1. Please compute the length gained on full extension between Phe338 and Val139, using 0.36 nm multiplied by the number of residues separating them and subtracting their Cα-Cα distance.
2. According to a simple spin-label model (label point 7 Å from Cα along Cα-to-Cβ), what is the distance in nm between Asp290 and Met237?
3. So for each of 208-218, 40-50 I average, over its residues, the number of other beta carbons within 10 Å; can you give me the resulting order with the highest mean first?
4. Using each residue's phi in the stretch 280-289, evaluate 6.51 cos²θ - 1.76 cosθ + 1.60 at θ = phi - 60° and report the 3J(HN,Hα) Karplus result to the nearest Hz, with x for Gly and Pro.
5. Leaving out same-chain residues fewer than 8 places away, which lysines sit with a Cα under 30 Å from that of Lys262?
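Bear in mind that the values in this text are calculations on the coordinates, not laboratory data. Since the model is a prediction, treat every value here as computed from it, not as a measurement. Don't worry about glycine lacking a Cβ; one is built from the backbone with ideal geometry, like all the others, and counts go over all protein chains shown.
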Amino acid sequence: RAVGAQAYAGVAPAKGMNHGPLRVFTGNAHPELARKIAAEMGVPLSDATVGRFKCGEVNVVINESVRDCDVFVIQPTCNGGAGPQENFMELLIMLDAVRRGAANRVTAVMPVYGYARQSSKEQSRTPITARLAADLLSVAGADRVLTVELHVSQIQGFASYPIDNMYALPLLAEEIQTCLEGRNLGPDDLVVVSPDVGGAKRASAFAKKLCAPLAIFSRQRRRSNESAEVDLVGEVMGKTCVVIDDIADSCETLCMAARKLKAQGASAVIGAVVHGVFSEPAVDNILKSDMEFVIVTDTIPLGDKALRCPKLRVVSVAPLLASAIERIHSSESLSALFEQLPKDAPRYGRVRIGLSWAAWCQVARAHVIPP
């Protein structure tokens, strides 16, 4: 694909470029994912220094010109490393630095949209942090946000700017289908399970994509002085069950669902998670659980957890986000990515690195990408 290199060098691609040359920056939250995305697009990461003053405050310096550029800042506000607070503050300060550098448009690429769990007032005197995060991003200078699997879609209504919510379910579905083919199983042998009523809509969409039936766990407290009971609605006897959820923190919900499903006669249980927070003791819980394995994306850096837990299978969202960035930059529609990646989408492995600025410009103007 020549689009990325052309855009980086300031050469307009075939479908036009309305917001200037492309620049892609990253903070310290997940540089590995940022490098994968840049490699998918065929562009180098732009140069920025994101460090700390001696007092601990975030210090950001953009080391190259962004004047009249279309800038994308990749920074999930996730756990790991310095923590979600530090990662979010890094993002805000980077957005401010880029905006003050006279960028034409600034897009915050947040594979994980932080502080989304509190999206409504569950009780008196509690905050709505999802709205607060949207306001802070706008004040810092974001013209647009690109994210993956918002906790609830209503967050898009909190902002006056576009929030593009990309879906990772097609990536997870592709991995599940590969697993089924390896076991000579079809859709009739599969059941998609929602671990709670709140995730029923997501599980229903996932089941439709796999042409499989749906089962739902319902948690009910029949009497005020009794603990809540968990009921399973759906038939799972002799089936391979896929428990789908957007966020897995301690994984207790997934493990409880797997235990109940095996007790109901399920032949196998597979976990599928978009955002793997995996706070301790999540890894131990997965290892001890009845799940054969758990499929998770790399929106959050897993560190050594993937090595410590052989049950984890990691699917990268880099192709999805790279294709979305290219489409936003060239003013193309994102709707095609909601179902599946297009055939011409970048695929990880086409790494083009080690080129100087002059070499990139020469490659771009020749409309050729080296192998």
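1. Numbers: separation 199, 0.36 × 199 = 71.64 nm, distance 2.88 nm.
Length gained between Phe338 and Val139: 68.8 nm.
2. 1.5
3. Numbers: 208-218: 18.0, 40-50: 20.6.
Those peptides, ordered most packed to least, come out 40-50, 208-218.
4. Running phi through 6.51 cos²θ - 1.76 cosθ + 1.60 with θ = phi - 60° gives 4, x, 4, 4, 5, 4, 5, 4, 8, 7 Hz.
5. Once the sequence-local lysines are set aside, what remains near Lys262 is Lys201, Lys208, Lys209, Lys239, Lys288, Lys305, Lys311.
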